[in-house]
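What follows is a set of notes on a single structure, which appears directly below.
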Amino acid sequence: MSIEIRTLDPRTDADEWNRYVERSDGSNPFFRAEALRLQAEDTDTTPHLLAGFKGQEPVGIFPVFRYAKGPITGAFSPAPYSWASYLGPSLLNIDKLKQRKADRRIKRFLEGSLEWIDEEISPLYSKFVTAEFDDVRPFVWNGYDVKPGHTYVVDLDGTEEELLKRFSSDARSNVRNADEDSYVIEEGTNDDVERIVEQVRQRYENQGQSFQLNSDFARSLHEELPDGALRPYVCRVDGDFLGGILVIESDRTRYRWQGGVKPDADVDIAINDLLDWHVMRDGLRDGIEEYDLVGAGVPSINRYKAKFNPRLETHYEITSGAFGIDLLVDQYQKHR
């Protein structure tokens with residue numbers, strides 16, 4: 001039986017789509033209909049929520065954004081400029097299949113999705129950034145360029161003390177020796193979401209780099225996603241905001257989405273070490289399995305992330321078309 005590709009609307013079909021998202025092991029909150037709608041509104045793109053079915057059984061989801069600029073049309077997942085971490089395709093009901101059947105189902109789902117994209121969007125350029133999706137062979141077989149990207153992932157297992165012992169000596173010391181009466185780390189408010197984004201923006205601007213994440217988009221995500229899907233962890237000293245991290249949370253993974261900027265304040269605590277520790281500790285207590293530090297491609301930042309003893313994981317950037325033909329593509333590459 002072939003795989004049928006259907007399109008869902010992020011407004012009228014939101015409940016149905018979100019059920020598929022919740023049943024897919026490779027998804028995250030950016031896949032949810034409300035997040036896709038907000039990405040589209042923020043980036044002036046058109047969302048197409050592709051769902052694959054074998055009969056009435058859902059087998060995969062693939063949210064795609066159409067961006068048109070003059071004569072140039074692109075297909076993206078995530079949307080360009082949204083700064084969402086990962087999207088691309090995600091599978092359902094595949095775990096119990098034998099390898100031959102799984103291969104066939106994945107191939108048919110992806111080829112059906114790519115055929116739909118070619119016929120309905122006709123992109124001159126496409127870019128998809130996957131997360132927990134390893135079988136990218138059908139993209140290669142269909143002429144796409146596949147480039148590995150990397151991230152660090154900390155396993156949240158064992159006791160809190162065992163987790164802390166796996167850190168580097170300086171990270172352990174920064175956590176253990178911090179005077180708990182001198183700071184407060186807590187989940188903040190919607191206003192704190194904006195404070196974290198603006199702190200990151202200021203750091204980018206100080207380094208002469210552009211930063212396209214819209215703080216209103218981040219605030220809207222915090223308001224519209226289910227409780228706990230976006231957690232603004234903040235550090236305060238004497239009631240003043242000093243720094244924070246925006247954490248995206250799925251059933252099994254926490255993602256270090258934005259934040260963790262080195263603050264300008266002169267305080268005698270390692271703010272980011274403490275923030276990351278609280279994110280991991282709370283995740284461990286809540287049964288979360290891993291903490292994705294989101295990125296391992298910048299040597300200067302890698303040195304900080306590596307002290308939490310993460311493992312190196314691979315994701316994929318999948319592209320097709322005439323790279324560099326349009327400012328949109330060029331800017332999207334820079335901002336990813």
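The values are calculated or read from the model by the stated rules, or taken from the named source; none is laboratory data. Just so we're clear, the structure is a prediction, and the values are computed from it rather than from any experiment. Neighbour counts are summed over all protein chains in view; Cβ atoms, including those assigned to glycine, are modelled from backbone coordinates with ideal geometry. Note: accessible area is taken over every heavy atom of the protein model, side chains too, but ligands, DNA and RNA are not part of it. Shrake-Rupley method; radii C 1.70, N 1.55, O 1.52, S 1.80 Å.
Observations on the structure shown:
- Remark: for residue pairs Lys101/Lys147; Lys127/Lys305; Lys127/Lys147; Lys165/Lys305, the C-alpha separation exceeds 20 Å in Lys101/Lys147; Lys127/Lys305.
- For the range 190-286: rounded, prolate or oblate by the Cα gyration tensor [a/c cutoff 1.5]: oblate
- Oblate is the label for the range 82-160, because a/c, from the alpha-carbon gyration tensor with a ≥ b ≥ c as root eigenvalues, is 1.5 or above and a/b does not exceed b/c.
- Partners for Lys107 among lysines (Cα-Cα distance below 18 Å; same-chain residues under 8 apart left out): Lys54, Lys96, Lys98
- C-alpha long axis of helix 190-206 to longest principal axis of the chain, angle in °: 90
- Where Rh is the Kirkwood radius over Cα pairs, Rg/Rh for the range 163-227: 1.11
- q = 0.12, 0.17, 0.19 Å⁻¹, the range 233-314: log10 I(q)/I(0) [Debye, one scatterer per Cα]: -0.36, -0.71, -0.87
- P(r), alpha carbons of the range 130-244 - 5 Å bins starting at zero, rounded %: 2, 8, 11, 12, 15, 18, 16, 9, 4, 2, 1, 0
- Residue-by-residue Karplus 3J(HN,Hα) for the range 252-263, coefficients 6.51, -1.76, 1.60, Hz, glycine and proline x: 10, 9, 9, 10, 7, 6, 9, x, x, 6, 5, x
- Three-way shape label, the range 199-238, alpha-carbon gyration tensor, a/c 1.5: oblate
- For the chain, the longest principal axis of the alpha carbon atoms and the long axis of helix 215-224 meet at an angle near 80°.
- Taking the protein heavy atoms of the range 73-218 in the context of the full set of protein chains, the accessible area attributed to carbon and sulfur is 41 percent at 1.4 Å.
- Helix 99-120 and the long axis of the chain differ in direction by around 80°, with both axes built from C-alpha atoms.
- Extension gain, Asp9 to Leu124: 0.36 nm times the residue separation minus the Cα-Cα distance gives 39.0 nm.
- Phi-based couplings in Hz for the range 23-31 (Karplus 6.51, -1.76, 1.60; Gly and Pro marked x): 8, 9, 5, x, 9, 8, x, 5, 6
- Coordinate range of the alpha-carbon atoms in the range 41-184 per principal axis, descending: 60, 45, 28 Å.
- Here the alpha carbons of the chain define both size measures, Rg and Dmax, at 20.4, 64 Å.
- Sequentially through the range 142-157, phi angles give Karplus couplings (6.51, -1.76, 1.60; θ = phi - 60°) of 9, x, 8, 8, 10, 10, x, x, 9, 9, 9, 10, 9, 6, 9, 9 Hz, Gly and Pro residues having no value and appearing as x.
- When Rg and the Kirkwood Rh are both derived from Cα coordinates, the Rg/Rh ratio for the range 208-264 amounts to 1.00.
- Label point distance in nm, Ser300-Ser2, each placed 7 Å from Cα along Cα→Cβ: 5.3
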